[in-house]
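As structure tokens, the structure follows; a few thoughts come after it.
The values are calculated or read from the model by the stated rules, or taken from the named source; none is laboratory data. A quick note: this is a predicted structure, and the numbers were derived from the prediction, not measured. All Cβ positions, glycine included, derive from the backbone under ideal geometry; neighbour counts span all protein chains shown.
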Amino acid sequence: MSRFLHSPLGGRNLMSAVPALRLQFLRDKTRILSKKTRVFRPSLPVLALFVCLSSGRSAVPEVDLSSRVIISVRDQKLMLVQNGKNVATYPVSTSKFGLGDLLGRMTTPLGFLQVVQKIGDNAPAGAVFHNRRWTGEILAPNAPGRDPIVTRIIWLRGLEPENAHAFHRCIYIHGTPEEKTIGRPASYGCIRMRSRDVATLFDQVPLGMIVQIVPDRLPAAKNALTNAPVPSLNPSPEDKLILVRGGEKLPAGSARKTVIASGGRGA
């Protein structure tokens, strides 16, 4: 979450969400429809609505409850657990302003969240993002005087009342050029990682993956999933899970849904 003021379309240290899956609605084929087929034209909007609803349901993948990302605020570490085994552990940086989920605060939320967008696939390490779009610039680790979001963005939404604002506050797991600060609280609300680590995690974590942020130490991997069951998963407007590739632009029809609704925060 950024410490700067933002415009409705986003602000500093962000990248633009890129293309959502665009539904192909039936167009008016007046010039090619015969007189006989024109009688069916009133039914076309109904058919288009059916296609829209069907595609929307299929866009949300099933959640694999045998895997989870667990982030420890006390340890400043992220652990990927699969089938009761610690697959990988990475150092991270949570907010230097503490914990919480109040709007306008630069804090890291606790509890269960879910990966709902992945942004920056195939972008080079150190790629700088503004409004969730790759600017074309690449920064080396610990570049002096620079602190943008780099390399990858894994966008989270909260699953509990205590983190219900996470998506609209733009709480991400993302890369940072300030790698010297990794291992201690230094972010503005997000979970920061080294570029090489977040790129690896990006490929390990599918859309829909559960992310749990805890204030205490990392639990033992074999008991991590059974000791803390996931709350009920309710559909949400941000469940239009999008695999976003670096440098692509957001279609005009989906900008309002993903950029303006987000509030344009993150860091």
Checking residue 200 against (1) touching a Ser or Thr at 6+ places or on another chain (Cβ under 8 Å); (2) hydroxyl-bearing (Ser, Thr, Tyr); (3) over 20 Å from residue 110 (Cβ atoms), which test does it fail? (1)
Does residue 107 satisfy the criteria of being under 20 Å from residue 200 (Cα atoms) and in contact (Cβ under 8 Å) with a residue 24 or more places away in the chain? no
Identify the residue in the range 220-243 that is among the small types (Gly, Ala, Ser) and in a helix (DSSP H, G or I) and, among all such residues, is modelled with the lowest pLDDT. 224
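Given the structure, is residue 133 at pLDDT below 95 and either part of a strand (DSSP E or B) or in contact with a strand residue (DSSP E or B) (Cβ under 7 Å, 6 or more places away or on another chain) (or both)?
Numbers: at pLDDT below 95: yes; either part of a strand (DSSP E or B) or in contact with a strand residue (DSSP E or B) (Cβ under 7 Å, 6 or more places away or on another chain) (or both): yes.
It is true that residue 133 is at pLDDT below 95 and either part of a strand (DSSP E or B) or in contact with a strand residue (DSSP E or B) (Cβ under 7 Å, 6 or more places away or on another chain) (or both).
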Hey, can you tell me all the residues within the range 89-135 that are surrounded by 22 or more Cβ atoms within 10 Å (Cβ to Cβ), of a type in the set (Ser, Thr, Tyr) and touching a helix residue (DSSP H, G or I) at 6+ places or on another chain (Cβ under 8 Å)? 93
Is it the case that some residue within the range 141-148 is modelled with pLDDT of 95 or more, surrounded by 19 or more Cβ atoms within 10 Å (Cβ to Cβ) and touching a strand residue (DSSP E or B) at 6+ places or on another chain (Cβ under 9 Å)? yes
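Given the options 217, 184, name the one that is part of a loop (DSSP other than H, G, I, E, B), basic (Lys, Arg), within 13 Å of residue 71 (Cβ to Cβ) and modelled with pLDDT of 95 or more. Talk me through it step by step, then tell me what you get.
Numbers: 184 fails: within 13 Å of residue 71 (Cβ to Cβ).
The conditions single out 217.
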Just give me the residues in the range 190-214 being at negative phi, part of a loop (DSSP other than H, G, I, E, B) and of a type outside the set (A, V, I, L, M, F, W, C), in sequence order. 194, 206
List the pairs whose first member sits in the range 126-152 and is closer than 14 Å to residue 196 by Cα, whose second member is assigned to a loop (DSSP other than H, G, I, E, B) and of a type in the set (Asp, Glu), and whose Cβ atoms are under 9 Å apart, counting only residues at least 6 apart or on separate chains? 141/178; 142/178
